[in-house]
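Reading through the structure tokens given below for one structure.
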Amino acid sequence: MITVVSVVPTALEKDSRSLKIAASLARLGYRSIAVESLPSRQPERLPVAVVPLGGRPADHGRAGSAVSTEGGGGPLVWLRARLPRLVAEIMHLAIMLGGYFVVRPLQGLARAPRGELYYLHEYRMFPLVRLLQILRPAPIIYDAHDFYPEVWRARELSTFWRRCFLPLLSSWEGWVARRADRVVMVGSGVADLFEATYGVRPEILRNAHDSRLERAPARSLREMVGLDDSSLLLVTVGNRKPGQAVDEAIEALNRLPSHVHLAFVGRFYDDAVATARRLGVADRVHAVGPVAPEEVVPFIRSADAALILYWPETGNYRNILPNGFFQSVSANLPLLWPALPELERIIETRQVGRRIDPLDPASIALNVQWLIDNRPAMGHIRQELALLADAVGWEREEQRLGSLVATVLEEWRKGR
């Protein structure tokens, strides 16, 4: 049996795309093993074997920083807080480079299995994969997910990070892309950006939802926030990112009846709670934190509608196809979505909700009010959503993945 090793930059249980792909590789008849940078808390519940490189189980809380680092807890946090900012940032960068070019490869040398194919989910993990490839030659598929250079540009970074980190990031990822046997991304729009920057055309595997991996949560979203059926519950799914109009969505609540609530499922929404408090709607905004990828769809199914709040702050967000979109479709939640090309291409003329301008609280409120005033239409909308969920399910992406892996393995065999 051919062994395919997925290399994941976090715990496998935290990354829905990596989890779906590893599970699909097993279904396709491969021996699928995931090497995870941090250990999953419940590896026995995962559909494939995992090999952690080290460290404590990944934190599932809401707290986090915009720029992650290896070994960033404890004494290092204390030390960085007491150093001049530039010195702390240089130390941060040095730790990151040491982690990915020295620590992770050495850990992988001792712990990671050798494979006939490596499926890489993070360009910073490439030194580890390259070392494994030298020891046992095998092809590499690099899954870039989104176009992260533009994601980083949207963040509030210091001059040092903009002048040093971003060029390094771009050069590093381009180096990986040109050495991989194939590159994969989530949509054609971000693939165009990637190709224009690095000269490599990615294959497309969309972030569709795999219902076969679903697991029932202990409580539904509605139960967790303590609402009965008389309240209208909106949900936004996914970790907060710079290209989301979160404040505008919260402001829209002031234009809506008091029984309308908004829940955020994911990390980094602590400041959203502060905004809700400032706007006087703190009792109607709920930051519930992250949920295991397999539980997201059953968890949010008790909501009344899904708010997709991305706006084209960068080229990446203009072309985004977020997990939260596919998860909301699979949960049959009427959509309030922005006019972004990739979303429009999938939705087409289907009656699955209402188009909004996420930067305009009045637009959000107007279309939520439409949902309130047109409750009889929800049955038809949910029927359309069920058809759309069937049309964009992960099963089709799994077939594409199978063809891609088979082609890469055959080309490698012939090339040798």
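The values are calculated or read from the model by the stated rules, or taken from the named source; none is laboratory data. Note that this is a predicted model, so its numbers are computed, not measured. Note that each Cβ is placed from the backbone with ideal geometry, even for glycine, and that neighbours are counted across all protein chains shown. Accessible surface is based on the protein model in full, side chains and every heavy atom, while ligands, DNA and RNA are left aside. Shrake-Rupley method; radii C 1.70, N 1.55, O 1.52, S 1.80 Å.
Annotation: of all residues in region 292-301 being in contact with a Pro (Cβ under 7 Å, 6 or more places away or on another chain) and closer than 20 Å to Arg41 by Cα, the one that is surrounded by the most Cβ atoms within 10 Å (Cβ to Cβ) is Phe299. For region 91-109, the criterion of being touching a helix residue (DSSP H, G or I) at 6+ places or on another chain (Cβ under 6 Å), modelled with pLDDT under 90 and over 13 Å from Gly54 (Cβ atoms) is met by none of the residues. Residues in region 14-33 that are more than 21 Å from Leu321 (Cα to Cα), of a type outside the set (Gly, Ala, Ser) and in a helix (DSSP H, G or I): Leu25, Arg27. Residue pairs whose Cβ atoms lie under 6 Å apart, sitting 6 or more positions apart in sequence or on different chains, and linking a residue in region 265-293 that is touching a residue at least 60 places away in the same chain (Cβ under 8 Å) to a partner that is assigned to a strand (DSSP E or B) and open to solvent by less than 10 Å² (accessible area, probe 1.4 Å), are His286/Ala263; Ala287/Phe264; Val288/Ala263; Val288/Val265; Val291/Val265. When Ser171 is tested against (1) over 30 Å from Ser330 (Cβ atoms); (2) not in a helix (DSSP H, G or I), just one condition goes unmet, and that condition is (2). Would you pick out the residues in region 326-336 that are open to solvent by less than 10 Å² (accessible area, probe 1.4 Å) and free of Cβ contacts under 8 Å to residues at least 60 places away in the same chain? Ala331, Pro334, Leu335, listed by residue number.
Results for (1) in contact (Cβ under 8 Å) with a residue 12 or more places away in the chain; (2) among the aromatic types (Phe, Trp, Tyr); (3) crowded, with 20+ Cβ neighbours inside 10 Å, shown as yes or no for each residue.
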position: Lys14; (1), (2), (3): yes, no, yes
position: Arg27; (1), (2), (3): yes, no, no
position: Tyr30; (1), (2), (3): yes, yes, yes
position: Ser40; (1), (2), (3): yes, no, yes
position: Pro43; (1), (2), (3): yes, no, no
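Restricting attention to region 175-203, the residues that are part of a helix (DSSP H, G or I) and either open to solvent by less than 10 Å² (accessible area, probe 1.4 Å) or under 23 Å from Val392 (Cβ atoms) (or both) total 9.
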